[in-house]
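The values are calculated or read from the model by the stated rules, or taken from the named source; none is laboratory data. Bear in mind the structure is a predicted one, so any value in this text is a computation, not a measurement. Cβ placement follows ideal geometry from the backbone for every residue including glycine, while neighbour counts extend to all protein chains displayed.
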Number of protein chains: 2
Amino acid sequence: MNLSKRIQSVPPSTIMELLTFASKAKQQGKKVYHLNIGQPDIKTPDGFFKAIREYKGEILEYALSEGLSELIEAIKNYYKDYNLEFNNDDILITNGGSEALLFTILTICDEGDNILVPEPFYSNYFNFCKSVGVNINPITTLAENGFHLPIKEEIVSKIDSNTKAILFSNPGNPTGVVYTKAELDMIAEIAEEYNLWIIADEVYREFVYEGEYTSVGTIENIKDKVIIVDSVSKRYSACGARIGSLASKNKGFIKGILKLCQARLSVPTLEQLGAIELYKTDNSYLKEVNEEYRKRRDVLYNELIKVPGVVCKRPTGAFYIVAKLPVKNADHFTKWLLSDFDINGETVMPCPAEGFYQTEGLGVDEIRLAYILNTEDLSKAAVLLKEGLETYLALNK
Amino acid sequence: MNLSKRIQSVPPSTIMELLTFASKAKQQGKKVYHLNIGQPDIKTPDGFFKAIREYKGEILEYALSEGLSELIEAIKNYYKDYNLEFNNDDILITNGGSEALLFTILTICDEGDNILVPEPFYSNYFNFCKSVGVNINPITTLAENGFHLPIKEEIVSKIDSNTKAILFSNPGNPTGVVYTKAELDMIAEIAEEYNLWIIADEVYREFVYEGEYTSVGTIENIKDKVIIVDSVSKRYSACGARIGSLASKNKGFIKGILKLCQARLSVPTLEQLGAIELYKTDNSYLKEVNEEYRKRRDVLYNELIKVPGVVCKRPTGAFYIVAKLPVKNADHFTKWLLSDFDINGETVMPCPAEGFYQTEGLGVDEIRLAYILNTEDLSKAAVLLKEGLETYLALNK
């Protein structure tokens, strides 16, 4: 029995092979500090659980396809703090940011169309696109420049007659880059000149540690081109809730994508009730979380750059660092850390960054680190990484 | 800004226009009995809510992309009662049956491919297919035959070189048909001869009121071709949980579709914990529900066939009846029921069936009725429908 060409073009997950190495390390009694995954260790605000516990209904009915109106209202109000002005009917609730992305791609792209995406990028962008016959035209960004965007001419050179949109995460996963106002203005200019949609994945909006944060949704004149993808996953450490959303001032887009939302009927009712409370969480929660992550970033970054040859600008957002290492192959280095290295029975697991690049050969010598451990554990992990890297370099001179 | 051709080919929901008529009727003080929607009024087993209330975690983490292993185990055991033998790694948890369907289509069909579907069919089959560039080749079935399948030659005549699968719901939404063992053997034969996938939407498996129920998954020799789509929505009256699943003995299929499951990360953790308890619900619950629906079917069917000219075999499954009425246009009749008819301030709302047909012109004179009200209300609704139809026919002679 044959599978579709499109599903065959989606790469299999590579994490399993590495997890096998991690499992073996653990079987040998090693402690492994996981810096490879984006699962935060912060407590989910209790309001989420409380709302669900207190649900009094006896029949768990379908919610509206658009989402519960009280949740939409709460998100609308949340956006006001960021000068993002939306009406209730500009917002739809989705099964995670993931569904928002997949449905957005289906709504604006046909088979054979393409989307510009700054590279390295969240690897599921690639998987969603390929699964529905859409290509990514990567705009390569560099560790040396802290993964900021190249000049306009370089971006524009990637546009062809099938280009429908530019998609980016800001703050960036995996890079931690936060785009400047000037960069976003440039994107807006390009979108206007070439009539492109802008898909802004802003799920890390609160995770900005220096400077101003600008949402592309605040830029005038292009508001009919902007689609903002959001999620409670990272913001409120509620990854398992799978509550995402999208917002757009473009009525045609909302009308189009709503057809997909109606086809899948609805998003879980109870999780939406919980999410209402999340979006009402006091801003002090978000501030505390932000301060915690800033500390973690500093712990990890300051240790990492002690090793000569490591190329890495201090990232200002999200909770990731992508670093270029003076190694030939980061995958090999990662496996070595798990199988051949330890200090007092402990080791560390980064994520090889090649999977975040589309362009062949890029990222082979890079790793992504998620600073999702408490500072005490993270300090140990950072030292292990530094020591591991130095040992590995000495062995492979 | 342009939308994709594929999203433009998905028809907008027609329910809103009719709901406007229903709203107006209610504003005028009329009571409307809704037979137009498939939202059951049966209580969700309390085990679902209890499991969620008792969740003790402080961080709501991602679940495995495959689904929680305890839920997969519970579904595997549930299937045993139906002689459906699956291993744990044959089963994946999805965001409702809807996601299972969309992901299945993407996994086996490319743009321009087609799928055979007995018509009338659940209209979202059409919407999912069109949204990803896949066509449906409808196999027309008739009210006169109780919507059973036509002869093999007729089905085979719809197959071309781009046909990848046959998709059906059994028991059937909207028709209430339950396919005989002979019909399923015929489908199996066709699938074998033409190397087609069989996508069996069996979410109404327990809603069978007469005769044997055969799942296509029990037929030998074609097990590598069968994909079973399932859901807790109707079975346990938990539509708002959005927990679906799929099962297949085809390892390649599971490996392919798992890539989509991994891209969307996971299904809500708490809802899965609740669903584990649903699948452990005592069979007496399902039996009671079955008996209740059987009564309802009889109440509605027996009233409906009193009107001369109504064509309708007594359906044996699901909780729907599709009836051909002696009217020109069932949509007009429905609007008339809402705006111009009442008995003592009460009226009834069927669902015009045209939207369940792909073939132009079919179903215009048909309605779908969902018997999801308690027998007392349903008796009133059935009498209203009969009286309404008789009055309408007298007016439009």
Worksheet, complete the sentence: Within the stretch A:103-138, the residues that are buried (at least 22 other Cβ atoms within 10 Å of the Cβ), touching a Cys at 6+ places or on another chain (Cβ under 7 Å) and among the polar types (S, T, N, Q) are none
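Would you call A:Ala22 of a type in the set (A, V, I, L, M), closer than 25 Å to B:Ala63 by Cα and within 13 Å of another protein chain (Cβ to nearest Cβ)? Spell out how you get there, then give the answer.
Values: of a type in the set (A, V, I, L, M): yes; closer than 25 Å to B:Ala63 by Cα: yes; within 13 Å of another protein chain (Cβ to nearest Cβ): no.
No.
Hey, can you tell me all the residues within the stretch B:160-179 that are of a type outside the set (S, T, N, Q) and surrounded by 17 or more Cβ atoms within 10 Å (Cβ to Cβ)? Reasoning before the result, please.
Taking the stretch B:160-179 first, the residues of a type outside the set (S, T, N, Q) are B:160, B:164-168, B:171-172, B:174, B:176-179.
Of everything in the stretch B:160-179, those that are of a type outside the set (S, T, N, Q) and surrounded by 17 or more Cβ atoms within 10 Å (Cβ to Cβ) turn out to be B:Lys164, B:Ala165, B:Ile166, B:Leu167, B:Phe168, B:Pro171, B:Gly172, B:Pro174, B:Gly176, B:Val177, B:Val178, B:Tyr179.
Here are some residues: B:Gly29, B:Gly38. Which one is assigned by TED's automatic domain parsing to the domain that holds B:Arg296, within 20 Å of B:Phe168 (Cα to Cα) and not in a helix (DSSP H, G or I)? Write out each step before concluding.
Values: B:Gly29 fails: within 20 Å of B:Phe168 (Cα to Cα).
Matching residue, one of B:Gly29, B:Gly38: B:Gly38.
Let's see how each residue does on (1) in contact with a strand residue (DSSP E or B) (Cβ under 6 Å, 6 or more places away or on another chain); (2) part of a strand (DSSP E or B); (3) among the hydroxyl-bearing types (Ser, Thr, Tyr); (4) over 22 Å from B:Thr180 (Cβ atoms):
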{"residue": "B:Gly309", "(1), (2), (3), (4)": "no, no, no, yes"}
{"residue": "B:Asp331", "(1), (2), (3), (4)": "yes, no, no, yes"}
{"residue": "B:Thr334", "(1), (2), (3), (4)": "yes, no, yes, yes"}
{"residue": "B:Leu337", "(1), (2), (3), (4)": "yes, no, no, yes"}
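Going through the stretch B:89-114 one residue at a time, which ones are more than 16 Å from B:Ile228 (Cβ to Cβ) and within 12 Å of chain A (Cβ to nearest Cβ)? Reasoning before the result, please.
Pass one, the stretch B:89-114, residues more than 16 Å from B:Ile228 (Cβ to Cβ): B:95, B:106, B:109-114.
Passing the criteria: B:Asn95, B:Leu106, B:Cys109, B:Asp110, B:Glu111, B:Gly112, B:Asp113.
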Worksheet entry | Residue among B:Ser65, B:Ser69 that alone is in the same structural domain as B:Lys249 (by TED's automatic domain parsing), more than 18 Å from B:Val132 (Cα to Cα), among the polar types (S, T, N, Q) and in contact with a strand residue (DSSP E or B) (Cβ under 9 Å, 6 or more places away or on another chain) | B:Ser65
Fill in: Residues satisfying the stated conditions in the stretch B:115-148, i.e. touching a Phe, Trp or Tyr at 6+ places or on another chain (Cβ under 9 Å), more than 13 Å from chain A (Cβ to nearest Cβ) and polar (S, T, N, Q)
B:Thr140, B:Thr141
Item to complete: Please state which of the following conditions A:Glu58 fails to meet, knowing it meets all the rest: (1) surrounded by fewer than 20 Cβ atoms within 10 Å (Cβ to Cβ); (2) out of contact with any helix residue (DSSP H, G or I) (no Cβ under 7 Å at 6 or more places or on another chain); (3) more than 7 Å from chain B (Cβ to nearest Cβ).
Response: (3)
Practice prompt. Output the residues belonging to the stretch A:234-274 that are buried (at least 23 other Cβ atoms within 10 Å of the Cβ), out of contact with any Ser or Thr (no Cβ under 9 Å at 6 or more places or on another chain) and among the aliphatic types (A, V, I, L, M).
Written response: A:Ala247, A:Leu270
Worksheet entry | Boolean, A:Tyr285 is part of a helix (DSSP H, G or I), under 22 Å from the mean Cα position of the chain (by Cα) and surrounded by 19 or more Cβ atoms within 10 Å (Cβ to Cβ) | no
Worksheet, complete the sentence: Only one of (1) modelled with pLDDT of 95 or more; (2) in contact with a Ser or Thr (Cβ under 6 Å, 6 or more places away or on another chain); (3) surrounded by fewer than 24 Cβ atoms within 10 Å (Cβ to Cβ) does not apply to B:Tyr194, and that is (2)
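Take B:Lys313 and decide whether it is part of a loop (DSSP other than H, G, I, E, B) and either touching a Gly at 6+ places or on another chain (Cβ under 6 Å) or more than 30 Å from B:Tyr213 (Cα to Cα) (or both). Spell out how you get there, then give the answer.
Numbers: part of a loop (DSSP other than H, G, I, E, B): yes; either touching a Gly at 6+ places or on another chain (Cβ under 6 Å) or more than 30 Å from B:Tyr213 (Cα to Cα) (or both): yes.
When the stated conditions are applied, B:Lys313 passes them.
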Worksheet item: What number goes with the only condition from (1) touching a Gly at 6+ places or on another chain (Cβ under 8 Å); (2) farther than 22 Å from B:Leu64 by Cβ that B:Ile243 does not pass?
Response: (2)
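Select from the stretch A:339-363 the residues that are small (Gly, Ala, Ser), assigned to a loop (DSSP other than H, G, I, E, B) and under 23 Å from A:Ser23 (Cβ atoms) and list them in ascending order. Steps first, please.
From the stretch A:339-363, those small (Gly, Ala, Ser) are A:339, A:345, A:353, A:355, A:361, A:363; that's our starting set.
Adding the requirement that they be assigned to a loop (DSSP other than H, G, I, E, B) leaves A:345, A:353, A:361, A:363.
Across the stretch A:339-363, the qualifying residues are A:Gly345, A:Ala353.
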Worksheet item: Give me the pairs: first residue in the stretch B:139-156 and in contact (Cβ under 8 Å) with a residue 24 or more places away in the chain and surrounded by 19 or more Cβ atoms within 10 Å (Cβ to Cβ), second residue basic (Lys, Arg) and not in a loop (DSSP other than H, G, I, E, B), beta-carbon distance under 6 Å, and six or more apart or on different chains, which are they?
Response: B:Ala143/B:Lys324
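The rows are residues; the columns are (1) of a type in the set (D, E, K, R); (2) in contact (Cβ under 8 Å) with a residue 12 or more places away in the chain.
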{"site": "A:Gln262", "(1), (2)": "no, yes"}
{"site": "A:Lys280", "(1), (2)": "yes, yes"}
{"site": "A:Ser284", "(1), (2)": "no, no"}
{"site": "A:Arg294", "(1), (2)": "yes, yes"}
{"site": "A:Tyr301", "(1), (2)": "no, yes"}
{"site": "A:Phe319", "(1), (2)": "no, yes"}
{"site": "A:Val322", "(1), (2)": "no, yes"}
{"site": "A:Leu325", "(1), (2)": "no, yes"}
Practice prompt. Would you tally the residues in the stretch B:210-223 being more than 14 Å from chain A (Cβ to nearest Cβ), outside any helix (DSSP H, G or I) and either touching an Asp or Glu at 6+ places or on another chain (Cβ under 9 Å) or of a type in the set (S, T, N, Q) (or both)?
Written response: 4
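Could you check how many residues of the stretch B:53-76 are in a helix (DSSP H, G or I) and either among the acidic types (Asp, Glu) or over 27 Å from the mean Cα position of the chain (by Cα) (or both)? Even if it seems obvious, please write down each step before you answer.
Keep residues of the stretch B:53-76 that are in a helix (DSSP H, G or I), which gives B:53, B:69-76.
So of that shortlist, the ones also either among the acidic types (Asp, Glu) or over 27 Å from the mean Cα position of the chain (by Cα) (or both) come out as B:53, B:70, B:73.
The total comes to 3.
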Practice prompt. Could you run through the stretch A:157-198 and say how many residues are more than 14 Å from chain B (Cβ to nearest Cβ) and among the basic types (Lys, Arg)?
Written response: 2
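Look through A:Met16, A:Met1 and report the one residue that is in a helix (DSSP H, G or I) and within 14 Å of chain B (Cβ to nearest Cβ). If you could, list the steps in order and put the result at the bottom.
On the way: A:Met1 fails: in a helix (DSSP H, G or I).
Of A:Met16, A:Met1, the one residue that is in a helix (DSSP H, G or I) and within 14 Å of chain B (Cβ to nearest Cβ) is A:Met16.
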Worksheet, complete the sentence: Of the listed residues (A:Ile37, A:Ile42, A:Ile52, A:Ile75), the one being more than 14 Å from chain B (Cβ to nearest Cβ) and touching a residue at least 60 places away in the same chain (Cβ under 8 Å) is A:Ile75
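Listed residues B:Val232, B:Val267; which is at pLDDT 95 or above and more than 8 Å from every other protein chain (Cβ to nearest Cβ)? If you could, list the steps in order and put the result at the bottom.
Values: B:Val267 fails: more than 8 Å from every other protein chain (Cβ to nearest Cβ).
The conditions single out B:Val232.
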Fill in: Candidate set from the stretch B:4-13 (those that are facing chain A (nearest Cβ under 8 Å) and at pLDDT 95 or above); member that is nearest to B:Arg235 (Cα to Cα)
B:Val10
